[in-house]
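**Q** Here it is: the structure, laid out below.
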Amino acid sequence: MGMTIPLPGTGDLLRRELSEEELFCLEDCRKYRQYYRMRRNFERGRCVFCNVDRDYNKIVAETKYFLAWEVPAELKRKGLRLQLLIVPKRHIRARWELTEAEWRSLRTVERRLAKRYRLAGGATVDRFGDMSLNAGTVPHWHINIYMPNRRAEVRFPLYKNPAQRKANQKRAARFAARYEAGEVPA
């Protein structure tokens, strides 16, 4: 990946080699639109959570230190009634990097979401550190809130088995070919 890469739709050229972690994150993109956005940000040295697309991700709670949004329908895991993300505005990789003010702000966001969505049960999963150790997609500490739809089993991965990872790599290779051919998602 250490080559001159034309950015689809811009004519701009970048010379940036993607890190092993960024390549791992791209493997987990389930939709081409997601792959495209993430790769463009990675190539520009930008974090997709530090540069949230507020048109695509409808913000449902915001404080000085945090944003929260519903995961867009095309990316929501199967079997869920609700999937939310809580993301610090400051780029950090683990929860223990939060300041006291950020901890208080996080509690405020969680309470707002609990009230707004009447969170009766489910799970919260935070992804921190090396994404290959938490099956993450965005290398920025964040919290996932999952509420099942009561019709289907829900599982969330912590570590991908080799067969699953191989399938993800094949999908990412297909997305990479489309990207490198200049395809811009609608």
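Per-residue answers, yes or no, for (1) surrounded by fewer than 17 Cβ atoms within 10 Å (Cβ to Cβ); (2) within 21 Å of the chain's Cα centre (by Cα); (3) among the polar types (S, T, N, Q):
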{"residue": "MET147", "(1), (2), (3)": "no, yes, no"}
{"residue": "ARG151", "(1), (2), (3)": "yes, no, no"}
{"residue": "ARG155", "(1), (2), (3)": "yes, yes, no"}
{"residue": "ASN168", "(1), (2), (3)": "no, yes, yes"}
{"residue": "ALA186", "(1), (2), (3)": "yes, yes, no"}
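**Q** For residues that are part of a helix (DSSP H, G or I) and among the aromatic types (Phe, Trp, Tyr), tally how many sit in region 28-73.
**A** Initial filter on region 28-73 (part of a helix (DSSP H, G or I)): 32-43.
Cutting the leftovers down to among the aromatic types (Phe, Trp, Tyr) gives us 32, 35-36, 42.
Qualifying residue count, region 28-73: 4.
**Q** Quick check on my filter: what residues within region 152-180 are at pLDDT below 95 and more than 22 Å from ASN134 (Cβ to Cβ)?
**A** ALA152, GLU180
**Q** Let me ask something additional. State which residue pairs qualify: first residue free of Cβ contacts under 8 Å to residues at least 12 places away in the same chain and surrounded by 15 or more Cβ atoms within 10 Å (Cβ to Cβ) and inside region 79-99, second residue hydroxyl-bearing (Ser, Thr, Tyr) and assigned to a loop (DSSP other than H, G, I, E, B) in any location, beta carbons under 6 Å apart, and separation of 6 or more residues or different chains.
**A** Pairs that qualify, where the first residue is free of Cβ contacts under 8 Å to residues at least 12 places away in the same chain and surrounded by 15 or more Cβ atoms within 10 Å (Cβ to Cβ) and the partner is hydroxyl-bearing (Ser, Thr, Tyr) and assigned to a loop (DSSP other than H, G, I, E, B): there are none.
**Q** Does CYS25 satisfy the criteria of being touching a Ser or Thr at 6+ places or on another chain (Cβ under 9 Å), part of a loop (DSSP other than H, G, I, E, B) and at pLDDT below 95?
**A** The answer is no for CYS25.
**Q** Find the residue count for region 100-147, including only residues that are touching a residue at least 40 places away in the same chain (Cβ under 8 Å), touching a strand residue (DSSP E or B) at 6+ places or on another chain (Cβ under 6 Å) and not in a helix (DSSP H, G or I).
**A** Of the residues in that region, 8 qualify.
**Q** Sticking with this one: Just the residues that are touching a residue at least 12 places away in the same chain (Cβ under 8 Å), closer than 16 Å to LYS78 by Cβ and in a loop (DSSP other than H, G, I, E, B), please, taken from region 148-186.
**A** The answer is ASN149, ARG150, ARG151, ALA152, GLU153, VAL154, PHE156, PRO157.
**Q** Further question on the same structure: Kindly list, by first and then second residue, each pair from a residue in region 52-68 that is acidic (Asp, Glu) to a residue that is in a strand (DSSP E or B) and at pLDDT 95 or above, limited to pairs with Cβ atoms under 8 Å and residues at least 6 apart or on different chains.
**A** Sorted first by the residue in region 52-68, then by its partner, the pairs are GLU62/ALA68.
The values are calculated or read from the model by the stated rules, or taken from the named source; none is laboratory data. Given the structure is predicted, the values throughout are model-derived calculations rather than measurements. Neighbour counts run over all protein chains shown; Cβ positions are idealised from the backbone, glycine included.
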